[in-house]
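Trainee: I'd like to ask some things about the structure below.
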Amino acid sequence: MPNARRSERGPMMTGGTPLRSLDEEELLGHIIPAFPPSDDLVVAPGDDAAVLRTSDRTIATTDTVVLGRDWLDAWSSGADIGHKVVAQNLADVAAMGGVPTGVLVTLVADPELSLEWVIDHTRGLAEACAAAGVAVLGGDLSSAPAGVVMVSVTALGRLDGAPVLRSGARPGDVLAVKGSLGLSDAGLRLLQADAVERLPEAVQTHRRPRPPLAAGPGAAAAGATAMLDVSDGLLRDGGRIARASHVVIDLDLEALVPYVDVLADVLGAEQALDCVLAGGEEHSLLATFPPGDLPEGWRVIGRVRAPGDGEAAGILVDGRVVTHTGWDHFRTT
């Protein structure tokens with residue numbers, strides 16, 4: 001779910017040194033030295049392409065964020081966006097059961113964008129990659145029409161075993177989550193209400209999500225049958241597992257109470273439950289397991305069963321269909 005409802009630009013984006021005053025080599029001179037070195041890199045950024053040591057099977061994923069659609073500069077710094085766009089890509093690698101190994105970064109920007117914002121953004125990218133032990137392999141720079149700023153990251157990962165797909169959930173499995181639920185959406189709502197002091201943890205989760213990356217390969221090793229990260233909401237993403245696996249997943253509302261309670265004092269019970277069920281950009285991991293194979297730190301929140309006669313595959317809450325299913329990039333109703 002995006003944190004932008006209108007287009008706003010803060011002082012760092014337009015103050016200072018505009019990008020139009022530098023050539024590409026000068027701009028890269030500010031960017032490349034900030035990225036951490038890696039033993040996996042055979043050829044580092046700066047040539048026509050980087051060269052990375054990989055395994056027999058390599059995971060590849062990509063995601064893009066757009067100013068005014070996915071973030072507001074008034075709410076998120078350049079460094080915040082660096083952290084967020086790395087996190088959401090690495091979470092996809094972890095959700096396949098893989099270990100992230102490298103990222104490629106593309107910046108498409110209005111030439112009036114400030115160098116200071118780009119340096120701050122680069123710092124966030126570098127911090128997020130260093131924390132995850134991931135190399136920055138290179139990327140691309142391009143100019144854009146007035147007001148446009150886009151950042152795209154492509155992440156690569158190492159897969160040591162079989163990939164964990166959305167389509168592997170089986171009747172009798174349990175549905176479990178590793179990480180938080182609803183915090184990012186709560187942070188968005190507090191930003192919209194100018195009430196960030198009421199639950200700083202939620203605002204920080206929204207600005208800089210921290211997916212449990214190591215839990216992905218751990219879940220795969222423990223026998224996870226299906227897995228993805230919660231990017232568009234628990235109901236929408238859980239429904240994706242259910243439909244891909246041709247099963248029904250029934251969420252246990254009682255099991256979600258601890259996540260709701262974290263938010264209820266600040267948002268009220270109704271909004272808190274809405275955040276937990278439908279809030280996106282959490283990037284926690286959601287997976288199904290045979291009942292005896294649950295790794296430590298995962299919380300069971302539902303059960304998997306076969307559809308009944310005439311029943312479609314999908315997700316329920318205590319046996320009921322809930323229509324608010326989370327963020328969709330194109331649907332507006």
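Trainee: Each label point is 7 Å from the Cα along the Cα-to-Cβ direction; what then is the distance between the points at Ala195 and Arg299, in nm?
Mentor: 2.2 nm
Trainee: Let me ask you something else. At R0 = 45 Å, how high is the FRET efficiency between Val257 and Ala60 if r is their beta carbon distance? Nearest 0.05 is fine. Intermediate values should be presented prior to the final figure.
Mentor: Numbers: r = 38 Å, r/R0 = 0.85.
With a Förster radius of 45 Å, E is 0.75.
Trainee: Using only the C-alpha atoms of the range 171-275, find the volume of their convex hull and express it per residue in Å³. All intermediate terms of the calculation are to be shown ahead of the outcome.
Mentor: Values: hull volume 10.9 nm³, N = 105.
Spread over its residues, the Cα hull of the range 171-275 gives 104 Å³ apiece.
Trainee: Multiply the residue gap between Ala74 and Ser143 by 0.36 nm, knock off their C-alpha separation, and tell me the result in nm, one decimal place.
Mentor: Numbers: separation 69, 0.36 × 69 = 24.84 nm, distance 2.20 nm.
Stretched out fully, the Ala74 to Ser143 stretch lengthens by 22.6 nm.
Trainee: Something else: Distances over 20 Å make up what percent of all Cα-Cα pairs in the range 243-327?
Mentor: Working: 1414 of 3570 pairs.
Here the long-distance tail beyond 20 Å is 40 percent of all Cα pairs in the range 243-327.
Trainee: Can you list residues from other chains, or at least 5 along the same chain, whose modelled amide H is less than 5 Å from the amide H of Gly314?
Mentor: Long-range HN contacts for Gly314: Val247, Val248, Ile249.
Trainee: Seen from all sides and averaged, what is the projected area of the convex hull of the Cα atoms in the range 100-238, in nm²?
Mentor: Projected over every direction and averaged, the Cα hull of the range 100-238 covers 11.0 nm².
Trainee: Here's a follow-up. State the extension gain, in nm to one decimal, for the chain segment bounded by His246 and Ala49, taking 0.36 nm per residue of separation less the distance between their alpha-carbons. Intermediate results must be reported in sequence, preceding the final value.
Mentor: Details: separation 197, 0.36 × 197 = 70.92 nm, distance 4.18 nm.
Length gained, His246 through Ala49: 66.7 nm.
Trainee: Determine one quarter of the surface area of the Cα convex hull of the range 48-124, which equals its mean projected area, and express it in nm² to one decimal. Each step should come with its number before you reach the end.
Mentor: Working: hull surface 25.8 nm².
Result: 6.5 nm².
Every read-out reported here was derived from the displayed coordinates using simple, explicitly stated rules and does not represent laboratory data. What you are looking at is a predicted structure, and each value in this text was computed from that prediction instead of being measured. In this analysis, Cβ positions are derived from the backbone assuming ideal geometry, glycine residues included, and neighbour counts consider all displayed protein chains.
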